Amino acid sequence: MASGPKPLNIENPKGWAVKPIEGGTHTAVIFDMRDGPFGVALNNNDLGRFIERILQEITKLTATQTPEYPPKELAANPVSVTSLGISPHPHDERSALLSMAVGNMRLTFEVDATMLVEMCKTVLASARAVKPRTTN
């Protein structure tokens, strides 16, 4: 007797946590479910691809909305970036690649080059407006 695929049981977690494990080479994503905790461990490369996929899905969901810039309020906690780099897009001269290292993971975003230049000008103007710190 052949059986088809089992239906997927989807449940909203009551809470969740993210925790590095195994000397920092893997990251656990733990969900607090109705029947108790459920955890998945991903190595950092897989975690990076997982995050990239989530960002792609968010892009699809928000593609019909015009973002407000700058946002009125920050909807998330800032993530510490340990290094930042910008390079030309290898196949699209109107785009640039914005890479950020976050811990052991590197995320790369395709950004409209004109928007990136304008943002850099704004950041530079803001930096020039700040008075330098003095030490005693």
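Quick one: is Gly24 modelled with pLDDT of 80 or more, surrounded by 11 or more Cβ atoms within 10 Å (Cβ to Cβ) and closer than 23 Å to Asn104 by Cβ? Spelling it out, it is not the case that Gly24 is modelled with pLDDT of 80 or more, surrounded by 11 or more Cβ atoms within 10 Å (Cβ to Cβ) and closer than 23 Å to Asn104 by Cβ. Within region 94-109, the set of residues being more than 25 Å from Gly23 (Cβ to Cβ) and at pLDDT 90 or above comprises Arg94, Ser95, Ala96, Leu97, Leu98. Consider region 70-107 and keep the residues that are hydroxyl-bearing (Ser, Thr, Tyr) and surrounded by 10 or more Cβ atoms within 10 Å (Cβ to Cβ). The one that is nearest to Glu118 (Cα to Cα) is Ser95. The condition of being more than 19 Å from Thr59 (Cβ to Cβ), of a type in the set (A, V, I, L, M), surrounded by fewer than 10 Cβ atoms within 10 Å (Cβ to Cβ) and out of contact with any Pro (no Cβ under 8 Å at 6 or more places or on another chain) holds for Ala125. The one condition from (1) assigned to a helix (DSSP H, G or I); (2) surrounded by 12 or more Cβ atoms within 10 Å (Cβ to Cβ) that Ala41 does not meet is (1). Total residues in region 1-25 satisfying the condition of being under 16 Å from Phe38 (Cα atoms) and of a type outside the set (Gly, Ala, Ser): the figure is 12.
Listed by first and then second residue, the pairs with beta-carbon distance under 7 Å, at least 6 apart or on different chains, first residue in region 71-94 and closer than 12 Å to Thr108 by Cα and in the same structural domain as Met119 (by TED's automatic domain parsing), second of a type in the set (Asp, Glu) and outside any loop (DSSP other than H, G, I, E, B), are His89/Glu110. Quick check: anything in region 48-63 surrounded by 12 or more Cβ atoms within 10 Å (Cβ to Cβ), aliphatic (A, V, I, L, M) and over 14 Å from the mean Cα position of the chain (by Cα)? So far as region 48-63 goes, no, none of its residues is surrounded by 12 or more Cβ atoms within 10 Å (Cβ to Cβ), aliphatic (A, V, I, L, M) and over 14 Å from the mean Cα position of the chain (by Cα).
All of Thr64, Thr82 fail the test of being of a type in the set (Val, Ile, Thr) and modelled with pLDDT of 90 or more, apart from Thr82.
The values are calculated or read from the model by the stated rules, or taken from the named source; none is laboratory data. Quick caveat, the model's predicted, so the values are computed rather than measured. Glycine also receives a Cβ, built like all others from the backbone with ideal geometry; neighbour counts cover every protein chain displayed.
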